[in-house]
Amino acid sequence: MEFPKDLRYTKDHEWARLDGATVTIGITAFAVEQLGDITLVDLPEVDASVTAEESLGTIESVKSVSDIFAPVSGTVTAINEELEDRPELVNAAPYGDGWLVKIALQDRPAYDALLDSVAYAALVAAEQ
């Protein structure tokens, strides 16, 4: 399993991509594999404040319901509205069309402290 090198990762299996002052967030391919077929994604409203390491929504699959944890603190600037009707996009393209939310980043050092792809790959290897 490959993990894109341009992303940062959490121990809870979310990914974060920084673009200027905006962070796009999703769940990793490993998380998707563990969850199975995604059936529902519950995301916060635009303009909601989120706090790093706290739940920002849930993701339901045929196996379970799991919290989605914010990798960074900030304000939600966009949600992936396509997931409302097509939650399976998370399964099909977790690092692309299956993104979840975009957040205006409050704290750049917190983003920089997230795991890089090598550290995340080691975490996944230890969990398998």
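Tally Lys and Arg at +1 and Asp and Glu at -1 over the other residues with C-beta under 12 Å from the C-beta of VAL101: what net charge comes out?
Details: positive: ARG17, LYS102; negative: GLU14, ASP42, GLU45, ASP47, GLU81.
Here the charged neighbours net out to -3.
Any idea what the dipole of region 11-69 comes to, in debye rounded to 20, about its Cα centre with Lys/Arg Cβ at +1 and Asp/Glu Cβ at -1? Walk me through the numbers before you get to the answer.
On the way: 3 positive and 12 negative charges, 41 e Å.
Computed charge dipole of region 11-69: roughly 200 debye.
At a threshold of 8 angstrom on Cα-Cα distance, excluding pairs fewer than six apart, so keeping six or more, what relative contact order does region 28-87 reach in percent?
36
Any idea what the dipole of the chain comes to, in debye rounded to 20, about its Cα centre with Lys/Arg Cβ at +1 and Asp/Glu Cβ at -1? Intermediate values should be presented prior to the final figure.
Values: 8 positive and 24 negative charges, 84 e Å.
Once rounded to the nearest 20, the dipole reads 400 debye.
Give a residue-ordered list of calculated ³J(HN,Hα) values for region 24-39 (Karplus: 6.51 cos²θ - 1.76 cosθ + 1.60, θ = phi - 60°; whole Hz; x for Gly, Pro).
Coupling constants for region 24-39: 8, 10, x, 10, 6, 4, 5, 4, 4, 4, 5, 6, x, 5, 6, 10 Hz.
Between beta-carbons, use under 12 Å as the cut-off and find the net charge around ALA121, counting Lys and Arg +1, Asp and Glu -1.
Working: positive: LYS5; negative: GLU2, ASP116, GLU127.
Here the count lands on -2.
So who's got an amide H within less than 5 Å of the one on VAL72, skipping anything under 5 residues away but keeping other chains? H placed 1.01 Å off N, in plane.
GLU53
Would you please give the FRET efficiency between GLN128 and ASP19, computed as 1/(1 + (r/R0)^6) with r the Cβ-Cβ distance and R0 = 25 Å, to the nearest 0.05?
Details: r = 31 Å, r/R0 = 1.23.
According to the calculation, E is roughly 0.20.
Could you check which residue among LYS102, LYS11, LYS63 shows the biggest mean-square fluctuation in a GNM of the chain with a 10 Å Cα cutoff?
Result: LYS63 has the largest fluctuation of those listed.
Given a 10 angstrom Cα cut-off, can you work out which residue in ALA104, ALA29, ALA48 is the most mobile in a GNM of the chain?
Sorting by GNM fluctuation, first place goes to ALA48.
Could you please report the charge total around LEU35, scoring K, R as +1 and D, E as -1 over all other residues with beta-carbon less than 11 angstrom from its beta-carbon?
Details: positive: LYS63; negative: GLU33, ASP37, GLU60.
In short, -2.
Provide the per-residue ³J(HN,Hα) series for region 59-74, in order, calculated from phi with Karplus coefficients 6.51, -1.76, 1.60 and θ = phi - 60°, each as a whole number of Hz, with x at glycine and proline positions.
10, 10, 9, 5, 9, 6, 10, 10, 6, 9, 9, 6, x, 9, 8, x
Only the coordinates and a few stated rules stand behind these numbers; no lab work does. Everything quoted here is computed from the prediction, not taken from an experiment. Heads up, the Cβs are rebuilt from the backbone with ideal geometry, glycines too, and the neighbour counts pull from every protein chain shown.
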